[in-house]
Structure formats: C-alpha cells, structure tokens
Amino acid sequence: MTTRKLAREFYTHPDVLTVARRLLGQVLVVPARNGTRVAGIIVETEAYRGPQDRASHAYGGRRTMRTETMYRIGGTAYVYLIYGRYHQFNVVTGVEEVPHAVLVRALEPLQGIRRMRDRRRGTSAHDLTNGPGKLCMALGVDGRLDGADLIGDRVWIEGGARQISPAAIACGPRIGIDYAGAYVGKRWRLCVRDEPAVSGRR
DNA sequence: CGCAGGATGGGCT
DNA sequence: GCCCATCCTGCGG
C-alpha cells in the first residue's frame, strides 16, 4: 500500500469544510505493538466551524481546559470524553488561535481488524467502526491522545488510499446537536455515498 | 426490524 | 445540578 502521512499543510487549509471533505478516503492510523497498525479509511466526517458555530465546544470563543486543544495549530488531535463512557476523535484544522475541528464519525476497517474485534467483543463484524465512539474503542483512542501531533508518531492520517470524487460525497445535518439553534440545519456532515460503514442514515 | 431508556463522568452554568 | 458531537440492551411487532 503506497500511502503517506499527511503533512501540516493539509490541515492548515483555512476552510474546515474543505478539510472535512478531503479527509474522506484517507486512512486514520494508530500504531500497535511489533510495528503493526490498527487503521481504517475515513468515510464520514463532520465540520465544526470556528467560534460562530453554536454546535462547537468553542462557540463564542470559549476557552477552557478542555477546549484549549481546539485553538492549537491544524494537525493536532482533539479527543474528549462524551456521555461519561465514550471518546470522540477530532482533527484540529486551520491556524493557531482559531478553533476549527473535524469530527471523524466512521471508518471502514482496513488493518488490525483482529485487534478491533478484540476491543469490540460482543458486537458484529460490521459494527466495528461505524460510529464516532465505536471507532475510538476499536482503535484504542482515548483522552491520552488529546493534543497529539498528527505529524508525529502516536496517531496520524495517511493519504492516497482511495480517491473520492465530489459526486460520491453526500452531505446532511450534523448529529446530536439539537441545541445549536440556527446551526442545527447546516449540512456539515459529510459521508461517502453507498458506503456501508457510515453511521446512521445517508 | 424499531424504539425507549439507562449508563456514567467531566465540563460548564 | 444539568448537559452532553453515544452506544447497548431489552422489549414489542
């Protein structure tokens, strides 16, 4: 497989929606023991667009210990705990001090599938990574990876695995943000059409 | 199959 | 003290 770790410039693009779109088809990788890897192709993302976005943790420019990661440079991992039990993996985008992020909502399992099944014992083979909490469990992502540099070697994203044409991308409203007022209807959830691994509906 | 409800803990008002 | 960028279980059709 001829893929390569995405460089800083991929993440520092000024438009978070563009980065969310370009992330589709790229490979999220977490290294395991003995040089092996657990990895999946990104098939669903959601953009969280700066301080104006009411659905964002950084809405209104809010800065707390948790959200501080969102203000770092594009190419930083933002991982947080949700509902007391699950983690969410996000990619910070853009320049420092401007809180853009992309939530990775679903993967198509690619490597380390046995390890994924071990971590997701009790669920069926097709439910390994089709949701933002599920993929974190399958890859072993937790709060320790918050703030990790995606140009580093703890977690990263590789390009070139699959080309997704614009026509193959579907968009719809984001999930679980009913409190977000005028931003509830923004179609900032992106997914690969006809991809069985996406979460929820098309 | 679909849907209702519970789990569970850090962050924020 | 309430709110989550969720998932799983159990129950009914």
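The values are calculated or read from the model by the stated rules, or taken from the named source; none is laboratory data. Just so it is clear, the structure is predicted and the values come from calculations on it, not from any experiment. Glycine also receives a Cβ, built like all others from the backbone with ideal geometry; neighbour counts cover every protein chain displayed.
Things to note:
- Note on the range A:122-133: among residues that are near DNA strand C (Cβ under 8 Å from one of its atoms) and without any contact (Cβ under 8 Å) to a residue 40 or more places away in the chain, the one that is surrounded by the fewest Cβ atoms within 10 Å (Cβ to Cβ) is A:G122.
- The single condition among (1) surrounded by 15 or more Cβ atoms within 10 Å (Cβ to Cβ); (2) away from DNA strand B (no atom under 13 Å from the Cβ); (3) more than 14 Å from the chain's Cα centre (by Cα) that A:Y71 does not satisfy is (2).
- The set of residues in the range A:28-41 being of a type in the set (G, A, S) and buried (at least 21 other Cβ atoms within 10 Å of the Cβ) consists of A:A39, A:G40.
- Cross-chain or 6+ apart pairs with Cβ under 8 Å, the range A:54-83 first and farther than 24 Å from A:K186 by Cα and of a type in the set (K, R), then within 11 Å of DNA strand B (Cβ to nearest atom) and part of a loop (DSSP other than H, G, I, E, B): A:R66/A:H57
- A:E44 passes every criterion in (1) more than 13 Å from DNA strand C (Cβ to nearest atom); (2) surrounded by 15 or more Cβ atoms within 10 Å (Cβ to Cβ) apart from (1).
- Residue match in the range A:3-10 (condition: under 24 Å from A:A197 (Cα atoms) and at pLDDT below 95): yes
- Filtered residue count, the range A:121-134, keeping only those that are touching a helix residue (DSSP H, G or I) at 6+ places or on another chain (Cβ under 9 Å) and part of a helix (DSSP H, G or I): 3
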